[in-house]
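One structure is given below, encoded as structure tokens.
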Amino acid sequence: MAAGSLLALFDDIATLLDDIASMSKIAVKKTAGVLGDDLAVNAEQVGNVRAERELPVVWAIAKGSLLNKIIIVPVVLLASMFMPWLITPVLMIGGIYLCFEGAEKVWHSITHRGVKDHSQSRALLHNSNADLLELEKKRVKGAIQTDFILSLEIIVIALSTVQEEAFAKQAMVLAVVAIGITIGVYGLVALIVKIDDLGLVLLKAKSSLATAAGNFLLWFAPALMKTLTVVGTLAMFLVGGGILSHGFDHYAKLEFTLGHLHIFSNSFANGIVQNLFNGIIGIAAGAVVVALVSHFNRHQPE
């Protein structure tokens, strides 16, 4: 009897773990778009860091990201139980922040076009170690703030896939998703930022094939980082605009998500149209906030 009960318990545990794994897989699939944006934004944030400090900076941001999720997961679970009305406005505030960050980057690049920024080079050459660490802390802090918004969006989307499940299963699925995406995203970020180092290692090899591969990686690494800078900024508009469009749809029933129109018979084409629409919303919202912040700063007493 005891052995039979123990086997039944193991069977129940195995079934529960299988359910959690299946639901987590579905949740991660639904968050794939935001995960791609999260990867692009974080890889771009780690750019322009001294080579020997790249992995420590990635590790610091990863720890901050995990702490974000430790805060977000229980808050989202409790809010969904007791204050479900609070999730949408909080997400919209986060969406506006992402749009503002993206618009601020674009505006800075426009107003400083043709002016090369040598501040990082000067910092590397002339600043003390304490100053460089302070610069790193600011970069890490900014990356963790951005990660908080993206993580909140990911966790809320993941929760929507298990909304009908018991609270315990919801908590376990969100915990698996939170840990899994943190390891996955920042593991990839660490690989991306060390591509050039791998190229240098290959150049030292005597093989002509290794040398060719090393030269390619040394060319590819800066090209990839420039691409991720653009993609990361675009991601802020797409994710922020997507959050806002869903929020407008939720409150005003304006059908901002365009899901009811089915402009094309192909779902992929409809997805592209939706993303373009989200981008327009994100750019417009970011431009408005940047204009308001600039106006406020100009009228601040010195």
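The values are calculated or read from the model by the stated rules, or taken from the named source; none is laboratory data. All of these numbers come straight from a predicted model, not from anything done at the bench. Glycine also receives a Cβ, built like all others from the backbone with ideal geometry; neighbour counts cover every protein chain displayed. Please note that ligands, DNA and RNA were not included when accessible areas were found on the heavy atoms of the full protein model with its side chains. Shrake-Rupley method; radii C 1.70, N 1.55, O 1.52, S 1.80 Å.
Quick one: which of K137/K226; K105/K226; K141/K226; K138/K194; K63/K138; K63/K169 span more than 19 angstrom between C-alpha atoms? Numbers along the way, then the final one.
Working: K137/K226 22 Å; K105/K226 14 Å; K141/K226 22 Å; K138/K194 21 Å; K63/K138 15 Å; K63/K169 25 Å.
Pairs exceeding 19 Å: K137/K226; K141/K226; K138/K194; K63/K169.
Roughly how much of E104 is accessible, in Å² to the nearest 10, using a 1.4 Å probe?
90
Give me the one-decimal nm value for the distance between modelled label points at N215 and L133, 7 Å along each residue's Cα-to-Cβ direction.
4.2
Computed from the mean reciprocal separation of all distinct C-alpha pairs, what Kirkwood hydrodynamic radius does region 141-194 have, in Å? All intermediate terms of the calculation are to be shown ahead of the outcome.
On the way: mean 1/r = 0.0813 Å⁻¹.
The answer is 12.3 Å.
Could you tell me the calculated FRET efficiency between S294 and Q145, based on Cβ-Cβ distance and R0 = 22 angstrom, to the nearest 0.05? It would help to have the intermediate numbers written out before the result.
Details: r = 20 Å, r/R0 = 0.92.
After rounding to 0.05, the efficiency reads 0.65.
What FRET efficiency comes out for S208 versus R53 if R0 is 35 angstrom and r is the Cβ-Cβ distance? Round to the nearest 0.05. Present the calculation step by step, with values, prior to reporting the outcome.
Numbers: r = 33 Å, r/R0 = 0.94.
E between S208 and R53, to the nearest 0.05, is 0.60.
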